[in-house]
Amino acid sequence: MVEFARDIIGTQPILAAFLAIALGYLVGQVQIAGFSLGVGGVLFVGLAVGAFAPKAQITGPLALTGLVMFLYAIGILYGRQFFDGIAGAAGRKYNLLALVAVLVGLAMALALGRAFGLTIGHTLGLFAGSMTSTPSLQAALDVLGGDDPAIGYSVAYPFGVIGPILCIYFLTRRVRPTFPPKAQNFHMGEVTVGPAAAGRTLDDLLAEMPDGARVTMVRRDRENFLPSGSFVLAAGDGLLIVADRADSLSGVAARLGRLEPGRIVKDRAALDFIRVFVGKAAVVGIPLAQLPLPTGFPVHLLHIRRYDMDIVPTPELTLEFGDRVGVLMPPDRKEEVRRHFGDTVKATAEFSYVSLGIGMVLGILLGLVPIPIPGIGSVALGIGGGPLIVALIAGRLRRTGPLLWVMPLPANIVLRNFGLAIFLAAVGINAGQPFLRTVLESGPMLLMIGAVVLLTTVLIVLLVGHYLLKVPYDDLLGVVSAAIGNPAILMYAGRTAPTDRPDIAYAMIFPSMTIAKVVAVQVAAQLLGAGAG
């Protein structure tokens, strides 16, 4: 029976791949003291499958296809935050801190690898596994070939996830940071206009209102209507104000009159409110100031719900597939508004396969371009860098003419997780037998080297960032999560610091560190001898 199963798995590579994915996700969901491997479980089940059935080898472009899917989805998701981050002083400082830590970690790996007589393939694999960086692993495989990089990666990977979480845990216990409550980004209130604001136009008032505050509806003589900039206020008028901060709302209310709820929102005779899903490409990726709206009747966007976040509409904001938009319009025009926006829950999985294909083609072509480095030779961004850079640019552009680059978060998560699972399954299965042999021969030494490399990188970020650079603690957790790059670390950081800052810092650093690791691994392989794996 065992031989029969070994033969079936060994002769059916697709069966082996999906067996590793299915069982790997089961293993990845097992939690021990709050820790789980997540998608990393696929790698270790793949190793077990490869060791059990040595003939099970995943050949062809399947693994690389999975990696491209993962990287492209990451770039599309973080493109805007990445470019906004590196444009600011804080983003540049955080990226420099992470870069120094990663390069010191690589230097430590090379030094220890040489001291213990490891092949360059094992050494760079240990570095990639410590950083839990699949693109770095692929870069090492492209240059060196063989199974050594995958073996080193597999040995170091578990502590690459556990180590940063333990470091964050112990430093947090020592520092005992405090965090402000998570900010609510949408506040709404009804203001009754007082004598001080009477006789002024809405345009005059808007010029003095804080950013993120908007007048969305006016009530006069027991009737609600949408305001125009030239509308002259009178004492006793009601204004519906939305703002992204509570202090902005209270400040506007104090300046105009007083908060007095219940007059406007209860009356839906002239203007009603509905929420609709954004499901048409024609309204996606266009700034709200230029967004075409239904004509022939008053219509106004009051509120946007994006997954678990509430957003105040601003002129530069763009809609995405799956957004839920709160719209003010006459009660008898609801169906026209629904048709205009598409209003289908299927939009949460909609994206353009045309732009996806074009983006991946451009990314793969960019990865083939050689980059000369004097005294070393040339390196290429490869599969691990080209698609990521193109996706970052596309994610920043969001739309180019008829091409819509962005995709809804649910679709993005499915694309990147499935792509990563395919890649890890193929890598694990192909390295199963040599991994088992190497671990039996020198596993403890490899594990020790991987742990030292990981701790070197993490402690530089945490200790220098906290004690020397005085980085805010929630930002710092995002920086260290991005320097290593595993989403499980970011999830733990988000539980430790319940703000949105870890996610923002992660988004502005993870892409650049991925590219830096890919290039650094290739440079190291060129210097120390391609083909030595």
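A short reminder: the numbers here are calculations on the coordinates, not readings from a lab. What you are looking at is a predicted structure, and each value in this text was computed from that prediction instead of being measured. Because the Cβ atoms are built from the backbone with ideal geometry, glycine has one as well, and the counts that use them run over all protein chains shown.
Points to keep in mind about this one:
- For the listed peptides 20-27, 125-132, 385-392, a ranking on the average number of other beta carbons within 10 Å per residue, highest first, reads 125-132, 385-392, 20-27.
- Summarising the amide proton neighbourhood of Phe231: residues at separation of 5 or more, or on other chains, whose placed amide H is nearer than 5 Å comprise Leu202, Asp203.
- Mean separation of Cα pairs under 8 Å and 6 or more residues apart, divided by the residue count, gives the range 187-348 a relative contact order of 25 percent.
- Net length gained if the chain between Arg338 and Ala234 were fully extended (0.36 nm per residue, minus Cα distance): 34.0 nm
- On the basis of the beta-carbon distance and an R0 of 30 Å, Ala87 and Glu208 show a calculated FRET efficiency of 0.55.
- Percentage of interatomic Cα-Cα distances in the chain larger than 41 Å: 32 percent
- Hz values of 3J(HN,Hα) by residue in the range 378-386 - Karplus curve (6.51, -1.76, 1.60), Gly and Pro given as x: 9, 10, 10, 5, x, 4, x, x, x
- 3J(HN,Hα) along the range 450-459: x, 5, 5, 4, 4, 5, 4, 5, 5, 5 Hz, from the Karplus curve 6.51 cos²θ - 1.76 cosθ + 1.60 with θ = phi - 60°, whole Hz, x for Gly and Pro.
- Estimated from helical segments only, the mean residue ellipticity of the chain at 222 nm is -19000 deg cm²/dmol, where each DSSP H run of four or more residues counts as -39500 (n - 2.57).
- Using the Karplus relation 6.51 cos²θ - 1.76 cosθ + 1.60 with θ = phi - 60°, the per-residue 3J(HN,Hα) values for the range 312-319 come to 7, x, 10, x, 8, 5, 10, 7 Hz, with x marking Gly and Pro.
- Between Tyr169 and Lys55, the contour length at 0.36 nm per residue exceeds the Cα-Cα span by 36.8 nm.
- Separation of the range 114-132 and the range 195-272, taken as the distance between their Cα centroids, equals 63 angstrom.
- Förster-model FRET efficiency, 35 Å R0, Val104 and Thr400, C-beta, rounded to 0.05: 0.35
- Placing a label point 7 Å from the Cα of Arg176 along the Cα-to-Cβ direction, no residue of the range 454-480 has its backbone N under 11 Å from that point.
- Look at the dipole of the chain built from charges on Cβ: of Gly194, Val427, Phe82, the Cα furthest out on the positive end belongs to Gly194.
- About its Cα centre, the chain has a charge dipole of approximately 440 debye under the convention of +1 per Lys or Arg Cβ and -1 per Asp or Glu Cβ, with nothing else charged.
- Working from label points 7 Å from Cα in the Cα-to-Cβ sense, the Val30 to Arg495 distance is 1.8 nm.
- Extension gain, Gln290 to Ala196: 0.36 nm times the residue separation minus the Cα-Cα distance gives 30.5 nm.
- Separation in nanometres of the label points that stand 7 Å from Cα toward Cβ, at Glu316 and Ala115: 5.0 nm
- FRET efficiency estimate (nearest 0.05) - Cβ-Cβ, Val354 to Arg263, R0 56 angstrom: 0.70
- Most to least packed among 331-343, 471-483 [average Cβ atoms within 10 Å]: 471-483, 331-343
- With the simple spin-label model, which puts each label point 7 Å out from Cα in the Cβ direction, the Asp308 to Phe4 separation comes to 4.7 nm.
- Rel. contact order, % - alpha carbon contacts under 8 angstrom, at least six apart, the chain: 27 percent
- Segments 190-202, 313-325 sorted - mean Cβ within 10 Å per residue, highest first: 313-325, 190-202
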